[in-house]
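In what follows, a single structure is set out as structure tokens and then discussed.
The values are calculated or read from the model by the stated rules, or taken from the named source; none is laboratory data. In this text the structure is predicted, and so the values were computed from the model without any measurement. When we count neighbours, we look across all protein chains shown, and the Cβ atoms used for this are built from the backbone with ideal geometry, even at glycine.
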Amino acid sequence: MFGGIKTMTKLFDKICIVLLLTNIFVNCKSGFSQDTRINSYLDDINSAHVTSLEEFMQRFNAETFHPELNLDNDKNLRIRSILTLFDWQEYRAQDSVVVSQVVKFAESVCHDSILLNIEDSSFYAEACCLFSYKDKEIPINLVFEYENIRDDYYRWAVAGANGLKNCNLLDTIYDGYINPVQHELHFSELHAACEDLNKYISISKEVDQLSFVLGMIKTGQLNFVACNKVLFHFAQVPGYVFVVDKKNRLDRNSGYLISKLIRVEELQKGHYINQLLGK
């Protein structure tokens, strides 16, 4: 049912765009050089569009606001501002419990006066990339952290990688068997084992996905193709993790928006971050 609603919404948006463009064309044919109504419509959308991650953080921190918010005598102004930063094409299809969780999140941020900072250690950028491997393109994500080098000098640094298990590039079943007397034979079976050494790793160990990617890139087995999009993970709000994604659409609710909100206990945030980093 939700899929049908989204499909109808997208169809309606496309119809609106077609009608608008048709109106421009008709007016131009009639000798009008400019349609002020169309320009006003597009101006409204552009002014509400969250154009960058920096602007997202400014609106979240109540440094700037959505242009349609009433800035005068509104004690809930910051709550309303944060709510405008959610992807409501995603959340309006959810049930009332999910929507109430979104409101509670905004209230919690304002109650605790939480501010986002790109220099915070609980902030990561995830580049969703394509790599070529054996003449096939496979999705692997590289995760970056904003790293302080010295004084006020920062850089993006690769901190992790994930996705190798999903594309079957990294074994997770360590069922290889080396006979327990092999130490007496200078591990004579090691030559055969090295053809797929992943299977012989100790069950108490897990391969770091970034190290695996670096090794494959170094040996030329894995080659970068493209970065399709970037997701931003924020773990700075107590009890929550949220993900920001760029939504490209002709809509007032567009640009850099919260596409996922996850309720996470503080003790479990480390597990979320480790999964993101591919540890």
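The criterion of being in contact (Cβ under 8 Å) with a residue 12 or more places away in the chain, farther than 23 Å from SER121 by Cβ and either of a type in the set (S, T, N, Q) or surrounded by 14 or more Cβ atoms within 10 Å (Cβ to Cβ) (or both) holds for SER254.
So which residues in region 72-125 are of a type in the set (D, E, K, R) and under 30 Å from TYR154 (Cβ atoms)?
ARG78, ASP87, ASP112, GLU119, ASP120
The listed residues are SER30, SER52, and the only one of them that is polar (S, T, N, Q), at pLDDT below 75 and surrounded by fewer than 16 Cβ atoms within 10 Å (Cβ to Cβ) turns out to be SER30. Examine region 216-235 for a residue that is in contact with an Asp or Glu (Cβ under 9 Å, 6 or more places away or on another chain) and without any contact (Cβ under 8 Å) to a residue 60 or more places away in the chain, and state whether such a residue exists. Within region 216-235, not a single residue is in contact with an Asp or Glu (Cβ under 9 Å, 6 or more places away or on another chain) and without any contact (Cβ under 8 Å) to a residue 60 or more places away in the chain.
Every residue, every condition in (1) of a type in the set (Phe, Trp, Tyr); (2) more than 28 Å from GLN221 (Cβ to Cβ); (3) surrounded by 13 or more Cβ atoms within 10 Å (Cβ to Cβ); (4) touching a residue at least 24 places away in the same chain (Cβ under 8 Å), yes or no:
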site: ASP95; (1), (2), (3), (4): no, yes, no, no
site: VAL99; (1), (2), (3), (4): no, yes, yes, no
site: PHE131; (1), (2), (3), (4): yes, no, yes, yes
site: ALA161; (1), (2), (3), (4): no, no, yes, yes
site: LEU197; (1), (2), (3), (4): no, no, no, no
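Based on this model, can you work out whether VAL97 counts as farther than 14 Å from ALA48 by Cβ and either part of a loop (DSSP other than H, G, I, E, B) or within 20 Å of the chain's Cα centre (by Cα) (or both)?
no
When the criteria are applied in full, ILE114 fails the requirement of being part of a loop (DSSP other than H, G, I, E, B), farther than 21 Å from VAL207 by Cα and in contact with a strand residue (DSSP E or B) (Cβ under 6 Å, 6 or more places away or on another chain). Take the residues of region 55-89 that are touching a residue at least 24 places away in the same chain (Cβ under 8 Å) and out of contact with any helix residue (DSSP H, G or I) (no Cβ under 9 Å at 6 or more places or on another chain): which is farthest from VAL237 (Cα to Cα)? Within region 55-89, the match that is farthest from VAL237 (Cα to Cα) is TRP88. Would you be able to say whether some residue in region 109-127 is in contact (Cβ under 8 Å) with a residue 12 or more places away in the chain, within 24 Å of LYS247 (Cα to Cα) and in contact with a His (Cβ under 6 Å, 6 or more places away or on another chain)? Yes: one or more hits.
Here is the figure for region 33-49: residues that are at pLDDT 75 or above and more than 22 Å from the chain's Cα centre (by Cα) total 2.
Evaluating GLN58 against the criteria (1) surrounded by 10 or more Cβ atoms within 10 Å (Cβ to Cβ); (2) at pLDDT below 65; (3) assigned to a helix (DSSP H, G or I) leaves one unmet condition, (2). Taking the listed residues ASP208, ASP171, the one that is farther than 30 Å from GLU55 by Cα, of a type in the set (D, E, K, R), surrounded by 11 or more Cβ atoms within 10 Å (Cβ to Cβ) and modelled with pLDDT under 80 is ASP171, with no other qualifying. If you check PHE242 against the conditions, is it under 20 Å from CYS128 (Cα atoms), in contact (Cβ under 8 Å) with a residue 60 or more places away in the chain and of a type outside the set (Val, Ile, Thr)? So PHE242 passes the test.
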